[in-house]
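Participant: One structure is given below, represented as structure tokens, and several questions about it will come after.
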Amino acid sequence: MPLYDTLKNVVWIDRAQLLVEFLPLQRLAEYGICIRRAISRCDHLSELVRNEQPDVCVMCSSSYRALASEIAMVLAFKTERCRLAVFADDLTDSQIDQALSLGAKGFLSKTDSMSSLASAIRQVAEGTTAVSSQLVHRISNENGWHQVKTQSDLTRMSHSQIRLLQLLAQGETTRQAAVMTGLTMRAVESHKYRLFKKLGVQNRVELCRWALRVGLIDMDNVA
């Protein structure tokens, strides 16, 4: 008697073929996951989803801009049972947040074992949200509601606090940040101390890395 019910209708979409060699997809069959179609071109993606009605689409891409548009295409034509999973290692927190808002149900990691990957695909097929153990530090689950943890941090901050964090992460001095926000230098230092403690960062370098990861700044803004 087989250990698993076979899930036969899975489409694997890998624009840059990043994982085709890294993950031998045929091994998923050992866990009852049959990849019906593995494609690298997305020219007819919406037509494929509409006509073949896969249980799960698994997406990975070297370009998030491309990935986001492909997610939108899949969800525009998905059936009630078509679910979506994405590889999220290289996505910023704001990009993961966008993928959640677009309806992605699974967040996978390139370092997941084959059994973990198969289990996540099954969870997504059943309509539940699957989050890789490698990503649970970034995605919270409160009463079945998934959100990016650092995005939750941002929603609890005022506009002035976020603006100050942006200026500091971009490399502005305390004096410059004070001038640009209309605060005193003492107030800037006080806010900085409390915000650093709240975010768990120790210095400007760690703040910059955090801000880049959550999409608060981009590389063009870093001094």
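The values are calculated or read from the model by the stated rules, or taken from the named source; none is laboratory data. It should be emphasised that the depicted structure is a prediction, and the values quoted were computed from it without experimental measurement. Glycine gets a Cβ as well: all are built from the backbone with ideal geometry, and neighbour counts include every protein chain shown.
Participant: Working only within region 166-179, note down all residues that are closer than 21 Å to residue 212 by Cα and among the hydrophobic types (A, V, I, L, M, F, W, C).
Facilitator: Residues satisfying the conditions are 167, 168, 169, 177.
Participant: Output yes when any residue across region 180-194 is at pLDDT below 90 and either surrounded by 12 or more Cβ atoms within 10 Å (Cβ to Cβ) or outside any helix (DSSP H, G or I) (or both), and no when none is.
Facilitator: For region 180-194, residues at pLDDT below 90 and either surrounded by 12 or more Cβ atoms within 10 Å (Cβ to Cβ) or outside any helix (DSSP H, G or I) (or both): absent.
Participant: Any chance you could count how many residues in region 160-179 are in a helix (DSSP H, G or I) and either surrounded by fewer than 18 Cβ atoms within 10 Å (Cβ to Cβ) or on the phi > 0 side of the Ramachandran plot (or both)?
Facilitator: 9
Participant: Continuing with this model, one more query. Residues being over 14 Å from residue 199 (Cα atoms) and at pLDDT 75 or above: count how many of those fall in region 146-158.
Facilitator: Final tally of qualifying residues: 2.
Participant: Do the conditions hold for residue 211, that is, is it assigned by TED's automatic domain parsing to the domain that holds residue 87, assigned to a helix (DSSP H, G or I) and touching a helix residue (DSSP H, G or I) at 6+ places or on another chain (Cβ under 8 Å)?
Facilitator: Criteria not met by residue 211.
Participant: Right, something else. Six or more apart or on different chains, Cβ atoms under 6 Å: show the pairs whose first residue is in region 102-114 and aliphatic (A, V, I, L, M) and whose second is assigned to a loop (DSSP other than H, G, I, E, B).
Facilitator: Cβ pairs passing all conditions: 108/132.
Participant: Which condition does residue 24 not pass, out of (1) modelled with pLDDT of 75 or more; (2) surrounded by fewer than 12 Cβ atoms within 10 Å (Cβ to Cβ), if it passes all the others?
Facilitator: The one condition residue 24 does not meet is (1).
Participant: State all residues of region 84-117 that are modelled with pLDDT of 85 or more and crowded, with 20+ Cβ neighbours inside 10 Å; if no residue qualifies, say none.
Facilitator: Result: 105, 106, 107, 108, 117.
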